[in-house]
Amino acid sequence: MFDSGFGGLTVARALFDLLPGEDVVYVGDTGRYPYGPRALDEVREFARQIAGYLVRVHDVKMVVVACNTAAAAAIELLRFEFDVPVVGVIDPGVRAAISATRNGRVGVVGTVGTIASGAYQRAALAQRAPVELTCCACPGFVEFVERGETDSEQVHVLAERLLSPVVAAGVDTLLLGCTHYPFLARTIGDVMGRQVVLVSSADETAFEIRSILAETGLGRRTEGKGCHRFASSGDVGWFKELGSELLGLDMGDVERLAWDEQEGRWR
């Protein structure tokens, strides 16, 4: 499983709770976050590098792209390039939002890259559901989460400004189209109001992982708790401290990764 940083921990925690016996390797690319403002081609290459590391070094049986921007940029490429199931967070989130809406007006908030990619619009069209999407980029949200500022006055002021289009659209359901955003759920919920249902793709993605593992026979059959390993391309001390707080579990030792451009591999 990988993300640009800490956001994917929402998916990791959901997976730990649903499938406690599975071994999980989580890579947070904090040395190169945030992905949102980057060109999709660049994000696509980052995703290919990390997925390759997980498949070749850790021999994983599945890759979970626990990052909406990376999923929007690279999910089809990864499915073509690697001979393991590759699961993203976009389709599960869209299905959950469509199920939750009552008036057919759904808001989607995400990074600049995710929203600009049109991935959510395409996913909603593929469902052939009578819903009207209002998509809104929220630059700055990820950076607040990565600094551990999830309930400050500054992030609340930013949320009021950035969420105004979805408030004005009268949505009754808001899909948090970035795995970092559930950490801001209280602030987002205050701005949107109690009548708006906030949908996170984390739980739905975990359910999809369980379904695929069952269908393919790849699920772990032995008893006991799985092994959880974490790696970061940035400051591992900071990653462990903030990550453990956000995850609600002690990460233990965090491996330091660095991409070697000359050799084209992680070291």
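The values are calculated or read from the model by the stated rules, or taken from the named source; none is laboratory data. Note that the coordinates shown come from a computational prediction; the quantities given were computed from them, not determined experimentally. Note that we place each Cβ from the backbone using ideal geometry, even for glycine, and neighbour counts take in every protein chain shown.
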The range 126-155: number of residues that are farther than 20 Å from residue 36 by Cβ and hydrophobic (A, V, I, L, M, F, W, C): 3
Can you tell me how many residues within the range 163-180 are among the polar types (S, T, N, Q), part of a loop (DSSP other than H, G, I, E, B) and surrounded by fewer than 24 Cβ atoms within 10 Å (Cβ to Cβ)? 0
Kindly establish whether residue 198 is crowded, with 24+ Cβ neighbours inside 10 Å and either under 22 Å from residue 104 (Cα atoms) or of a type in the set (Gly, Ala, Ser) (or both). no
Which of the numbered conditions does residue 183 fail, given that it passes all the others? Conditions: (1) surrounded by fewer than 22 Cβ atoms within 10 Å (Cβ to Cβ); (2) not assigned by TED's automatic domain parsing to the domain that holds residue 71. (1)
Being out of contact with any helix residue (DSSP H, G or I) (no Cβ under 7 Å at 6 or more places or on another chain), of a type in the set (A, V, I, L, M) and farther than 22 Å from residue 23 by Cβ is the filter here, so list the residues in the range 55-88 that pass it. 75
When residue 150 is run through (1) within 28 Å of residue 233 (Cβ to Cβ); (2) assigned to a helix (DSSP H, G or I); (3) not assigned by TED's automatic domain parsing to the domain that holds residue 233, the failure sits at (2)
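Just the residues that are part of a helix (DSSP H, G or I) and either under 20 Å from the mean Cα position of the chain (by Cα) or of a type in the set (Lys, Arg) (or both), please, taken from the range 207-235.
Let us first name the residues in the range 207-235 that are part of a helix (DSSP H, G or I), namely 207-216.
Within the range 207-235, 207, 208, 209, 210, 211, 212, 213 meet the criteria.
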